[in-house]
Structure formats: structure tokens, C-alpha cells
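First comes the structure, then the notes that go with it.
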Amino acid sequence: MATLLGFERQVAIRFLREGRMQSVLIIVGVAAGVAVVTYITALIGGLQRNTLEETLGAQAHLTLYAPDDVVRPAAPRVDGTTTLAATQARAQRLQSIANWGPLMDAVQAWPGVAAVSPMVTGAALAQRGEASRAIALAGVDLDRYDRIVQLRSKVVAGTARLAPGDAILGQELASDLGVQVGDRIAVSTGPVTDTVLVTALVDLGIRDLNRRTVLVPLRAAQSLLGLPGGATRLDMTVDDVWQAQAIAQSLRARHPVKVESWQEANAQLVSALNAQSVSTGVIRAVVLVVVVLGIASVLVVSVVQKQREIGILRAMGATRGQVLRVFLLQGAIVGAVGSALGVLLAAVLVWAFTAFVRGSDGAPLFPITLEPALLLQAAALATVCGVLAAIAPARRAAALDPAQAIRL
């Protein structure tokens, strides 16, 4: 078998060398196709990872709320009677999740849930001197909340600390109020006003959040918002962000609460990511079809050009199977060599994008990595496509009659 394969390999390489220009052109074509597929896949993958990190860096994967207040009719409707009634939706009041402590323990043990953090949120007013801004007041347990959004990694000034009387501000809000770390501001919710010490400024990655976020200890927010011992929401992170929707559905089925996944909160973003994935798949499919057709066309021409040589090989004792394997090996060689060059070209393209495409701050727009699995997949796919493209030309070559082929 080794001898036979050696013979077939030698003939396949000789045929490729004799048609050197055709071989070079198709190898370059395969390399370009593999490079495009690999580069586009890595580029879109890096863009999607960066988008998800930016989006989910300041929000939970899942958020659990108390159920909405629902207005029920004053009396049940009786069949056969006419009832005149006007029902209006009830304005939703700030309310705590019932039995949120045991519920948090149950959710923490839920399969797929990585971390849970209670929170009390509500509208308030931040004041310092004559400056005042409407804010989103949030009371959190800092250690738990840090596991949700990695808050400590977002600190741009000061030290993240939430002892009684402390507060953490978004950097845009601090600029608007003219405060720095160590200053005090007044936080008012109407009937209750408290003075807090600014211990840190954070950049949450979204300017609107930076302009209105004030974080205080959980108990302080409970007092300011009139919810002693309460929690208005439970924020959660999950092990797999794409399983958040399924976990939300299972939680809703088990507990009488509202659960919103990040997919539901960012429906347009999810649609855009899906559209990117579909577009990438279409590009990959089209490029692979072009590669297959290119290899097949070159090998068909090679069969036509090498009919006399094929007839001589058959007359000297080469079997149909050997001739078939000669052209299959040509397809495999073209695919393998082209895929190797394509992987190198893709690495150069990724390096060029990272080195020369920069944001306004001079840093790369987003990281792109060429995963070894992606490179192996692209190389294997190109090699398989080369073999598949060679099947029809190989069968045609194997079917040639030796006598007729020699006379041509």
C-alpha cells in the first residue's frame, strides 16, 4: 500500500508541476478563500465578544422583580348580565420582592446561576451646593454586586468602599456636580435626605449610566426609599450568557415573579448579533463553493491535458483505482497547501487590523484572536473541499479508455 501510494503521490506531484501556472493560481485561490473565511470569522467573533462584554459589563444577565400590580374588577361578571366598568392600569409603585431572602438562596442554587445580588433601586436627587441632578439610586451589597458587574475593576478614582454613609458615583455625575473623592453630597428622595461621602468614581462603560448612577449600602437605600428590609430586584449572572433566556423561563415557571433576561432587555442587539452570524455563515458558504469550483475546474482541465499520459499509465498496468487516487491526491495537496498559506495570510490580516486600525484613544478597537480550533477547522475544511472537488475529474480520468487516450 505504501508503494502504491508513493507511486500515486509521485504522479500527482508531477502532474501539478507540469501545470505549474495552473497549480500556483488555484493554490493562491484556495489560500485567499481560507484567509477570507478565517479572518472574517475571527473578526466577527471578536466584534461580538467585545459588544457583549461592553453591554453586559454594566448589567446583570438576569434580573428578577416583584410581579406588577394588577387591577382586578370590583365584582365578578355574571353570565346574562351587562356590566359597565372602566378599568385603568394601575401606576406601579416601588415594592419589595416578597420573601426575597429565601428566594435569593433558592435562585443561587439554581442550575446555571453563578452569582446573585440583591438591590434596592429608585429615583432620587443628588445635591451639592447649588448643583442638583436627578439620579438612579441603587443600594447594593458591594461584595455580591462586584460578582455581577466587576465594579472594582471599573474604579477610575478612589477605592470602592460602601461602609455606612459612603457612596460610589459615576464619573460623569461627579463632573456635573463638581465633586471629587472625599467630598460629600446630599441624596434626597423627598421625605428623606441623607449626606454621603464619595469614596470612589466608576466608569460603567455607558455615559448615561455614568451620568446618573449613585451606589450606596443596601440598608441606606432601604431607608431612603422607604423599604426597610426590602429588595426591589435580584441581579444574577449565569455560567453561559446564551442560556439566560432558558433559565429565565424556568424561573418564571417555578416562582411567581418577573424575570428579565439580557436578551429581552437588548432585543435589538441580539437581532444584530444573529444577523452578523448569518451573514458570516453565508460568506463562508459562498467562499467554499468558489474554492470547490476552482479546484474542480483546474483538475478537469488537467484531465483533458493529461489524457495521453493517463492512457500510457493505464497501458503500463496502472489500474482505474490508481488513476482515481492520483487526482484525489492532487485535490488534497492543493487544498492542504492552500489552507496552510491561507492560515498564514489570515494571521497577517489580523495583525494588520490590530496594529493599524485604532480608536480615538489610540487603542485597538477590539481584540481579535485566532483560535487554534478555528485554524484547524479551516485547514481541514479546505483539504476536504479539495478532495471533494477532485471526485468528478478523478472519475472521468479513471474512466478513460487507454487506447483512445493514447491516440488523442
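The values are calculated or read from the model by the stated rules, or taken from the named source; none is laboratory data. The structure displayed is predicted, hence computed values, not measured ones. Using ideal geometry, Cβ is built from the backbone for each residue, glycine included, and neighbour counts are taken over all protein chains shown. Just so you know, the surface numbers come from the protein's heavy atoms only, side chains and all, with ligands and any DNA or RNA stripped out. Shrake-Rupley method; radii C 1.70, N 1.55, O 1.52, S 1.80 Å.
Of interest is the spacing of the C-alpha centroids, which for region 121-167 and region 1-54 amounts to 54 Å. Per residue, the chain exposes 53 Å² of solvent-accessible protein surface, assessed with a 1.4 angstrom probe and all protein chains in place. As a length-normalised measure over Cα pairs under 8 Å and 6 or more apart, the relative contact order of the chain settles at 25 percent. Each residue of region 262-271 was assigned a 3J(HN,Hα) from its phi angle through the Karplus curve 6.51 cos²θ - 1.76 cosθ + 1.60 (θ = phi - 60°); the sequence is 5, 5, 5, 6, 10, 4, 5, 5, 4, 4 Hz, with glycine and proline shown as x. Note on region 6-62: with neighbouring protein chains present and a 1.4 Å probe, carbon and sulfur make up 61 percent of its accessible heavy-atom surface. Once you order the gyration tensor axes a ≥ b ≥ c over the Cα atoms, which shape class does the chain get: rounded for a/c under 1.5, otherwise prolate or oblate by comparing a/b with b/c? Prolate is the answer for the chain, as a/c is 1.5 or above and a/b outweighs b/c. Sorting the segments 224-232, 47-55, 266-274 by their residues' average number of neighbouring beta-carbon atoms within 10 angstrom, most packed first, yields 224-232, 47-55, 266-274. Remark: region 158-212 is approximated by an ellipsoid whose semi-axes, taken from the C-alpha gyration tensor as √(5λ), come to 18, 14, 10 Å, largest first.
Rounded to the nearest Hz, the phi-derived 3J(HN,Hα) couplings of region 31-39 under the Karplus curve 6.51 cos²θ - 1.76 cosθ + 1.60 (θ = phi - 60°) are 4, 5, x, 5, 5, 5, 4, 5, 5, where x marks glycine and proline. When restricted to Cα atoms, region 181-262 yields an Rg and a Dmax of 16.8, 47 Å, respectively. Close amide H pairs (under 5 Å, H built 1.01 Å from N) link Leu197 with Asp166, Ala167, residues at least 5 positions away or on another chain.
Can you tell me how region 125-255 classifies by the Cα gyration tensor, rounded, prolate or oblate, using a/c under 1.5 as the rounded cut? Verdict is prolate for region 125-255. Farthest toward the dipole's positive end in region 144-257, which of Gly190, Leu169, Gly226, given Cβ charges of +1 (Lys, Arg) and -1 (Asp, Glu) about the Cα centre? About the Cα centre, the residue reaching furthest to the positive side is Gly226.
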